[in-house]
Each structure stands twice: as structure tokens, then as C-alpha cells.
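J.: What follows is a structure written as C-alpha cells; I'll ask about it next.
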Amino acid sequence: MVVREILSEEKERFNASAKHPLQTYEWGEFREKMGRRVIRAGIFENERLNTVFQFSLHPFPVLGFNIGYLPKGPYPTKDLVEALKRFGKKNNCAFIQLEPNCEVDSIHNKNNLIKEFPDLVESRKPMFTKFTFYIDLKKTPEELLSQMKEKTRYNVRLSQKKGVMVTKENTDEAFDAYLSLLQETARRDRFFAHNQTYHRMLWSSLKNSGLVHLLIARHEGVPLVGWMLFAFKDKLYYAYGASSSKKREVMASNLMYFEAMKFGQKLGLSTFDLWGSLGPNPDPKDPFYGFHRFKEGYGGKLVEFVGSYDLILNPMLYNIYHTMNKLRWSALNLKIKIKLF
């Protein structure tokens, strides 16, 4: 077995083994343009590339160490964990956060991971939710409609009758409309969103890659909903979405989900990943409860992933980081409350 960094000329080979858009070579290039150092590596056996992984380095300037982040990568194995330890220590990482793109089953689960790897602990602040909904795109549009909850299906058909139009618009003009909607949504719903620089760099980096697609829902020419979708291998992913407060009565968001499903079918994809949800017994007081229920209305399958874990390389720095990070988030939450109220 050989573990080494991937060369630039091995881009296609790397992507052939990647399992998620956030593990593609192009996504790593985007992160590099955002100023992050990216480590791309592969585990080879007899010249055969078995496993690839990609993580970014995020500096913690106060104490001069890095934090590694490996989103939607492979399930941790002994070879992968040892490789991450080597790359992490080489790059002065206090820890590496792993969020495997792996569903729970009898072998792949939290208990087995924690038992096998004592340096792995459950992340205190996961970036991805542990659950998502999968929509089966192999069904006909009529079957997709019939599996929806009655109210959801009614709203989809109402939006169609009201004349809402959803189109793929991979243009810079459509991106500007999407970005404007995203800013409005962040202000209205009071959540932290990536800034304009992030989204503009993402769009400019990936718009010609085939990974990213923009859908815009309009009513009488007015953009009401904008979605950025990822398409990779056999899946379509809802990545970022935004909506206007105007014309809520035309139910443009409801129609957007249905049209996104049909768009995925046109691309020949088999599954639509709705990019996160709450669990099987969601708390109605959870701030994301409404969003979960909205997605649930489309009749998808609730899927559970193994979760988010931190591979601790320096226990002392790890604890210092989380203490300081807790204070940072308290300050950010206070700031947004003061700004919004």
C-alpha cells in the first residue's frame, strides 16, 4: 500500500474515485482560490487507486495551528486514519474534522468507529446534519407527485396554475439574481450565510465544470426563488437555495422542488439529495423544524449518515480551540441579534 498526494495530471483519475461533489478536484481548486491550502491524496494498492480523500486547512492564527476539514469523504479505515494523522501532523493540525459520506448500517456506525479509533470523538460542532432526504428520480413525474403529501402536491399544482416558470439559467445574470435572493433570505430568516465573495468565487470557479447548475423560479418575470444545485455521478444535490418575500401566495418554492426533480431526470440521475434534515422524531422547537417538514412533504426516504467526528492530533490545542470557538459563536449570535432587532 502507498499513500501519496495526487498530482495535477491525475485529476480525472481522482474524480473517478471521488464519491461526492465536495470531494472533487474542482471543489478543491475552488477552496484554494479562497485561500485555503488543500491536501488531495490517494491510497494505492499495486498501482491501483482504491481511495481518495481531500481536506482543507483552516488556520487558527491566535495559537498558530491549523484545523483540517474533510467533508463527505470515505468511511474511516485504519489506512485512512493513519494517512490523515501523517498529513495532519505534517501540516500542524490540532485536529481534522471528518464527515464521512456513508450511510449507517450494521458495520458503518458510530459505535464501531469510536471503538476502533480512540483518537476519534464525535464533533462538538458538525457542519452537516446527520440526516437527509433522498428522492428516487427513477420514478415518473406522476409517481413523484403521487408520493407527496396532499398539501405539498396541492401547492405544486397551484404554483403551476399561477404561471410560475422554473428554468435552468447558468448565466452570470441569473447568478446575480440568485445572490440577491440569498442575501434577502439570510436577513429574513436570521441565519449565517457565506458572504458574497464566497458565492462569487464558487460560481466563477465551477460554472463551466458541469458540477453546478442554477435554477430560477419566476412569476411574471420576477425572480422569486433561486437554487444552486450540484450534479455528480448519479446524484443531484440541493446545495444552496434562496427565496423572495414577494408573491409568497404563488408557491414558487414548492414548484422549484418538483422542477428540480425533473431536471435531475433530464440529466439521467437516479437520486436527489436534499442536503440535510432533522431526524425521524424532530423537535418542533428546533429552528430547522419548518424546513424539515417542508422537505418531508415531497415523500423522500429519510437517510442517516454515520455522523461527524474529530480526529484529535493535539488534545491540549483541541480543547483550547473549542473553548475559544464557543466564545466566538456567542459573540456572533449576540451581534446578529443586535443587528436584526
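J.: Among 227, 256, 238, pick out the residue whose Cα is farthest towards the positive end of the charge dipole of segment 183-278, where Lys and Arg carry +1 and Asp and Glu carry -1 on C-beta, about the Cα centre.
T.: 227
J.: For the chain, what % of the accessible area comes from carbon and sulfur atoms, probe 1.4 Å?
T.: 52 percent
J.: Hey, could you grab the Kirkwood Rh for segment 143-302? Inverse mean 1/r over distinct alpha carbon pairs, Å, one decimal.
T.: 16.2 Å
J.: Mind checking the dipole of the chain: about its Cα centre, +1 per Lys or Arg Cβ, -1 per Asp or Glu Cβ, Debye to the nearest 20?
T.: 1020 debye
J.: Considering only protein heavy atoms, what per residue accessible area in square angstrom results for the chain with a 1.4 angstrom probe?
T.: Solvent-accessible surface per residue comes out at 51 Å².
J.: Just to confirm the filter: which trypsin sites (Lys or Arg not before Pro) across segment 230-287 are DSSP coil and have at most 12 other Cβ within 10 angstrom of their Cβ?
T.: Here the sparse-neighbourhood loop sites are 285.
J.: Still on this model: For the chain, return all DSSP H helices satisfying: extent of Cα atoms along own axis at least 30 Å; mean Kyte-Doolittle hydropathy at least -0.5.
T.: Going by DSSP H runs, the hits are 315-340.
J.: Scan the chain and report its longest stretch carrying no GluC sites (Glu not before Pro) that are both in a DSSP loop and have at most 15 other Cβ atoms within 10 Å.
T.: Result for the longest clean stretch: 48-219.
J.: Here is a follow-up. Please report the antiparallel percentage of DSSP beta bridges with both residues in the chain, rounded to the nearest 5.
T.: Antiparallel bridges: around 85 percent, rounded to the nearest 5.
J.: A 26 angstrom limit on the alpha carbon distance is what I want to check against. Which of 266/295; 139/161; 72/207; 125/233; 235/326 exceed it?
T.: 125/233; 235/326
J.: Roughly how big is segment 25-97's charge dipole about its Cα centre, with Cβ charges of +1 (Lys, Arg) and -1 (Asp, Glu), in debye to the nearest 20?
T.: 240 debye
J.: To continue, here is another question. Given labels modelled 7 Å from the Cα in the Cβ direction, how far is it in nm from residue 147 to residue 168?
T.: 2.1 nm
J.: Of the candidates 63, 49, 236, which one comes out as most mobile in a Gaussian network treatment of the chain with C-alpha springs shorter than 10 Å?
T.: Per the Cα network of the chain with a 10 Å cutoff, 63 tops the list.
J.: So, one more: Just how large is the dipole of segment 168-281 about the Cα centre, in debye to the nearest 20, putting +1 at every Lys and Arg Cβ and -1 at every Asp and Glu Cβ?
T.: Approximately 120 debye in magnitude.
J.: Something else now. I need the shape label for segment 1-131. Rule: rounded when a/c is under 1.5, else prolate if a/b > b/c, else oblate, with a, b, c from the alpha carbon gyration tensor.
T.: Verdict is rounded for segment 1-131.
J.: For the chain, which semi-axes, largest first and in whole Å, follow from the square roots of 5 times the eigenvalues of its Cα gyration tensor?
T.: Over the Cα atoms of the chain, the semi-axes work out to 35, 23, 21 Å.
The values are calculated or read from the model by the stated rules, or taken from the named source; none is laboratory data. Since we're looking at a predicted model, the values are computed, not measured. Neighbour counts run over all protein chains shown; Cβ positions are idealised from the backbone, glycine included. Ligands, DNA and RNA are stripped out before the accessible areas are found, and what is left, the full protein with its side chains, is counted by its heavy atoms. Shrake-Rupley method; radii C 1.70, N 1.55, O 1.52, S 1.80 Å.
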